Every structure is written in structure tokens, then in C-alpha cells.
Amino acid sequence: MIVNLRALIVDDEYLARQELRFLLEQFSNIEIVGEAASAAEALKLVSALEYDVLFLDINLPGINGVELAGKLQQLPKRPDVIFTTAYENFALEAFAVNAVDYVLKPISKARLKQAIDKLRHKAAEKSASMPSKPSQPAEKDSMDISRIIAESRDRMVLVDVDKIYFAFVKRDLVFIKTYDEEMLTRFTLKELESKLNGKNFFRAHRSYIVNIQKVKEILPFFNGTSILVMEDKDKSEVPVSRNQSKKLRKLLGR
């Protein structure tokens, strides 16, 4: 059975990360769990969450991508590495640290597919070589997420899910709101909704997901819509669409 491979994109250029994310999102079974702009950020994320693969640039601030891959070799559960770089002259060093592939920029979908096929083949071989286990109840398709990666004051942080009051879209970017801070995420609102499913979060509006446990008051608005007054520092108001207002009333037993 093919399972999702949890991926971390590591590149110091924002546009390069966005372009690679766009390409990777076209492949099934690749789940982009996070992004990092430096080796230091990547190490922090890898130490906090388990990744299957890093799509790793060479030219990074501080230590470079090859040095980072070398450090990953020392981890008990090290992720695989696919280098994505504009530099041709690091290929030997890359494979010396057991890279799965070395993809040169500009990256095409066809070339990326070759690298992902190698990764899947390696994952399948690893799974086949593992001793069989007694039958267990089917696992969920995704991890039980308890923290979300976000950007706060130009650094990557892990935010406990229960500290999120709501998530929203602003200028085509997705933010999460805690008690007193707004933080940028790399997820789409749909991705966040999937990750937060079953954790008291409700899709109130096409641009908002709200933590029902953090709602202070529900105010009727016009034409069957509603406003949720949150318990955060700003007493933020979250709109609820007409259809979702009906679902919310049913959910709350009203």
C-alpha cells in the first residue's frame, strides 16, 4: 500500500519554495508538511516532527545543503534527501550523503517525477524488507496533528493546535490567530481544514476556519448569516455564511 510521504521544502528563496510547492502538489502521496528558509530552521523542524523527505537546496545561509544532509545522517530516523539546486558541481558530495536524487533548476515536472519515483521505489523496498506485524486496526490516512508550523517575527515556530483561535485568508495568504498574534502559514485553508479535522474546528466561511472552543458569543447578522465573537485579546469577529450558520446551529444543538 502506498502511503503519503511527508515532505519539507528547504530553500532560502520564497519564490523558489512556492514554485516547488506548486509542482509537488501535482503528485499524489506527497504531503508538504512544512518549509524552511535555512539549514538552522530545517534542523529545528526535523527535530520536532518526523519527515520522510527533504527537498533541499544547496545554497543556504549558514551551513549549506550538503552539510545539512550530513547532519541528518546522524539522526536515528533520518529523512531522505532530494537536492533541488542550480549548482551542478555538488553532485558527488550530494550522493556521498546518500541523496536519493539531484535535480537541477529550473525544475520540470517530468524531472521531478523521476526523483519522486526513485523515492517511492526506495520507500517500497524499505517497507517490504520490514518484518510483518500482527494485524492492527487501519491507521488514519494522516498524522494526528497537534502542532502547526507558522512564521512569527521571521522565524519558524510550532503552534499548539489548541492555541489557535481561528485561521483566515488575507491577500491570498493564510494566517492563524492565537490569543494575541497573527502568524503566516504555508498551508492553504483547505489543507489546514484537513489537518484540523476532528479537533473542534469549524469551516465558518470560505475564508475562515474557527475553533469552536474559543467562541465567546454568536451574533445573528442579516439574511441568515452570523458573526462569531472570539475570546482572543482583540475580541475578533469571524463571519459565518448563511449555509454554515445553519450547520453551526445544528452542531451546537440550537
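Scanning the range 237-254 for residues that are surrounded by fewer than 16 Cβ atoms within 10 Å (Cβ to Cβ), part of a helix (DSSP H, G or I) and among the aliphatic types (A, V, I, L, M) gives a single hit, LEU251. Might you check whether a residue that is buried (at least 20 other Cβ atoms within 10 Å of the Cβ), under 22 Å from GLU125 (Cα atoms) and not basic (Lys, Arg) occurs anywhere in the range 38-47? Within the range 38-47 (the criterion being buried (at least 20 other Cβ atoms within 10 Å of the Cβ), under 22 Å from GLU125 (Cα atoms) and not basic (Lys, Arg)), the answer is no, since none of the residues qualifies. Evaluating ILE176 against the criteria (1) in a helix (DSSP H, G or I); (2) under 21 Å from GLU31 (Cβ atoms) leaves one unmet condition, (1).
Would it be correct to say that ASP52 is surrounded by 18 or more Cβ atoms within 10 Å (Cβ to Cβ) and modelled with pLDDT of 95 or more? Against the criterion (surrounded by 18 or more Cβ atoms within 10 Å (Cβ to Cβ) and modelled with pLDDT of 95 or more), ASP52 does not qualify.
Every condition in (1) within 13 Å of the chain's Cα centre (by Cα); (2) assigned to a loop (DSSP other than H, G, I, E, B); (3) surrounded by fewer than 18 Cβ atoms within 10 Å (Cβ to Cβ) is met by ASN59 except one, and the failing one is (1). Considering only residues in the range 86-116 that are over 20 Å from ASP52 (Cβ atoms) and of a type in the set (S, T, N, Q), the one that is modelled with the highest pLDDT turns out to be SER108. Taking the range 3-27 as the range and being assigned to a loop (DSSP other than H, G, I, E, B) and either surrounded by fewer than 19 Cβ atoms within 10 Å (Cβ to Cβ) or modelled with pLDDT under 90 (or both) as the test, the residues that pass are VAL3, ASN4, ASP12, GLU13, GLU25, GLN26, PHE27. Quick check, is ASP144 modelled with pLDDT under 80 and more than 12 Å from the chain's Cα centre (by Cα)? So ASP144 passes the test. Screening the candidates ILE176, ILE149, ILE164 for the property of being crowded, with 20+ Cβ neighbours inside 10 Å, closer than 23 Å to GLN18 by Cβ and modelled with pLDDT of 90 or more yields one hit, ILE176.
Results for (1) part of a loop (DSSP other than H, G, I, E, B); (2) in contact with a Cys (Cβ under 7 Å, 6 or more places away or on another chain); (3) among the β-branched types (Val, Ile, Thr), shown as yes or no for each residue.
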position	(1), (2), (3)
PHE187	yes, no, no
LYS190	no, no, no
SER194	no, no, no
VAL210	no, no, yes
ILE218	no, no, yes
PHE222	yes, no, no
LEU228	no, no, no
LYS235	yes, no, no
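The values are calculated or read from the model by the stated rules, or taken from the named source; none is laboratory data. Every value quoted in this text rests on a predicted model; they were computed, and no experiment measured them. Neighbour counts are summed over all protein chains in view; Cβ atoms, including those assigned to glycine, are modelled from backbone coordinates with ideal geometry.
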